[in-house]
1. Among A:Val55, A:Ser28, A:Thr79, whose Cα sits farthest toward the positive end of the charge dipole of chain A (+1 at Cβ of Lys/Arg, -1 at Cβ of Asp/Glu, about the Cα centre)?
2. Considering only DSSP beta bridges whose two residues both sit in chain B, what percent are antiparallel, to the nearest 5?
3. Is segment A:1-74 rounded, prolate or oblate when judged by the Cα gyration tensor, a ≥ b ≥ c being the square roots of its eigenvalues, rounded requiring a/c under 1.5 and prolate requiring a/b larger than b/c?
4. Contact order normalised by length for segment A:1-72, with contacts defined as Cα pairs under 8 Å and 6 or more residues apart; what percent is it?
5. With the crude spin-label approximation of a point 7 Å out along Cα→Cβ, what separation in nm comes out for B:Thr5 versus A:Met59?
6. Please compute the contact order of segment A:45-88 in relative form: average sequence separation of alpha-carbon pairs under 8 Å and at least six residues apart, divided by the residue count, as a percent.
7. In whole Å, what is the distance between the alpha-carbon centres of segment A:32-74 and segment B:83-113?
8. Can you tell me the mean projection area, over all orientations, of the convex hull of the protein assembly as shown's alpha carbons? Units nm², please.
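Read-outs throughout are calculated quantities, based only on the coordinates presented, and are distinct from any laboratory measurement. Computed from a prediction, not measured in an experiment: that's the story for all the values here. Cβ placement follows ideal geometry from the backbone for every residue including glycine, while neighbour counts extend to all protein chains displayed.
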Amino acid sequence: DAKTTQPNSMESNEEEPVHLPCNHSTISGTDYIHWYRQLPSQGPEYVIHGLTSNVNNRMASLAIAEDRKSSTLILHRATLRDAAVYYCILRDAGGTSYGKLTFGQGTILTVHP
Amino acid sequence: DVKVTQSSRYLVKRTGEKVFLECVQDMDHENMFWYRQDPGLGLRLIYFSYDVKMKEKGDIPEGYSVSREKKERFSLILESASTNQTSMYLCASFKGHSGNTIYFGEGSWLTVV
């Protein structure tokens, strides 16, 4: 699987937007970009995913660079419940790595009241 | 809603015991995974399976085995538990291609004494 690089930690204030970056310079044309987050003592949960175009859902937005070598998860108004570890992963839609999921270290997001 | 259920949330076992961690999903997912998660090391893939009776080694399979006799159930087995297998174990699954959402269980906290 192609590798992703994320900052170890980020901080935000409540009610402010948060931009979580992810670099994936070795991304292939068939890789989907997925974001998951993990709250303390819980399993990771899905946030958003995309292939080429920017994506929006009720939780967040995903901005994908034109060359697809980086992406940014945007939380429009951070709340205390958004404090979590955020994982950016690439998932190959084909090829020999089909099915294998590898997670990086993720970004620890701290939200201050 | 898709549900991934891990049979035990908290377990305490003795060194040398055989330990079974069960994972069941109710949405006909072909792909199932077992990870362990340790502080500072993130999620590490132990084994995965993309079909009944199929299994593939992940990044850290030593000391573990798996069983996938039915599509909905993926079991992780510690043949002889050791203290370095004290960890949080996560099961995950998804259906079809890599653009689909991954669903995680709540995690099983195993302590080996």
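1. A:Ser28
2. Numbers: 34 of 38 bridges.
Around 90 percent antiparallel, to the nearest 5.
3. On the way: a/c = 1.60, a/b = 1.47, b/c = 1.09.
Since a/c reaches 1.5 and a/b is larger than b/c, the shape of segment A:1-74 is classed as prolate.
4. Details: 104 pairs, mean separation 20.0, N = 72.
Taking the mean separation of contacting Cα pairs over the length of segment A:1-72, I get 28 percent.
5. About 2.3 nm separates the two model spin labels.
6. Numbers: 47 pairs, mean separation 10.7, N = 44.
The normalised contact order for segment A:45-88 reaches 24 percent.
7. 20 Å
8. Details: hull surface 48.3 nm².
Over all viewing directions, the protein assembly as shown projects a mean Cα-hull area of 12.1 nm².
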